[in-house]
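A short write-up of the structure that comes next.
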Amino acid sequence: ARRVFLFIDYDGTLVPVQDKPELAVPTGGVVELLRDMALIPHFSVCVVSGRDREFLETHLPREITIVAEHGACIRRAGEEEISRLVETTASESLRENVLGVMSDFERRIPGSKIERKEFGVVWHYRMADPIFGYQQALVLADTLGGLLQRTPLGVLISKKAVEVRHMRANKGDAVRMLLDG
């Protein structure tokens, strides 16, 4: 092949899923393996994740490409420049409203926590009572869904989290962009 690509997810693949997302940090061996693979000629390593860019840049080697926040932005291997694949100006004013609603849930549900990202916001309930947390996640998702109708933002329910993100952020589009050059 002229070029080989390895696209790999972060949480649950490179690192085990943790109750506290900030603790899901790769081991030195994983970082070294990623760096070594990236040094192979014509072999591109890319981590594609829902994680925010700053977290990924902090914990992963510069020699690999990162696709952050479900495809909202890309930082190519060895480069400083970030390619933003979604427009955020329309959603910035909504962010405070979303944070207000999520903050109310964070106060009322022990063990829940808000994570702020560059392009979105996540309400985690991994450390909350699992049944109550799940029930509240459905209420939160419904509330936010009504608030965000006819906006560029959408609600994603994932494993013990409710995330508000830009609807145009798409991992598949980001991967296609990298494959095309």
Is it the case that region 166-181 has a residue that's in a loop (DSSP other than H, G, I, E, B), farther than 21 Å from ASP52 by Cα and not polar (S, T, N, Q)?
-> yes
First in region 159-180 and in contact (Cβ under 8 Å) with a residue 12 or more places away in the chain and over 11 Å from GLU69 (Cα atoms), second anywhere and assigned to a helix (DSSP H, G or I) and open to solvent by 10 Å² or more (accessible area, probe 1.4 Å), Cβ under 6 Å, 6 or more apart = VAL162/ALA141
Residue in region 105-128 that is least open to solvent (accessible area, probe 1.4 Å), counting only those that are out of contact with any Ser or Thr (no Cβ under 7 Å at 6 or more places or on another chain) and acidic (Asp, Glu) | GLU115
Is region 85-94 home to any residue that is at pLDDT 90 or above and open to solvent by 80 Å² or more (accessible area, probe 1.4 Å)?
-> no
Cβ-Cβ below 9 Å, separation at least six or inter-chain, first residue in region 133-153 and in contact (Cβ under 8 Å) with a residue 12 or more places away in the chain and at negative phi, second outside any helix (DSSP H, G or I) and among the acidic types (Asp, Glu): which pairs?
-> PRO152/GLU87
Check whether at least one residue in region 1-13 is at pLDDT below 95 and in contact with a Lys or Arg (Cβ under 8 Å, 6 or more places away or on another chain), and report yes or no.
-> yes
Across region 10-38, which residue is nearest to ARG76 (Cα to Cα) among those that are among the charged types (D, E, K, R) and open to solvent by 60 Å² or more (accessible area, probe 1.4 Å)?
-> ARG35
Exception for VAL17 within (1) outside any loop (DSSP other than H, G, I, E, B); (2) farther than 20 Å from VAL175 by Cα; (3) among the β-branched types (Val, Ile, Thr) falls at (1)
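The values are calculated or read from the model by the stated rules, or taken from the named source; none is laboratory data. Note that the coordinates shown come from a computational prediction; the quantities given were computed from them, not determined experimentally. So basically every Cβ, Gly included, is an ideal-geometry build from the backbone, and we count neighbours across all protein chains shown. Note: accessible area is taken over every heavy atom of the protein model, side chains too, but ligands, DNA and RNA are not part of it. Shrake-Rupley method; radii C 1.70, N 1.55, O 1.52, S 1.80 Å.
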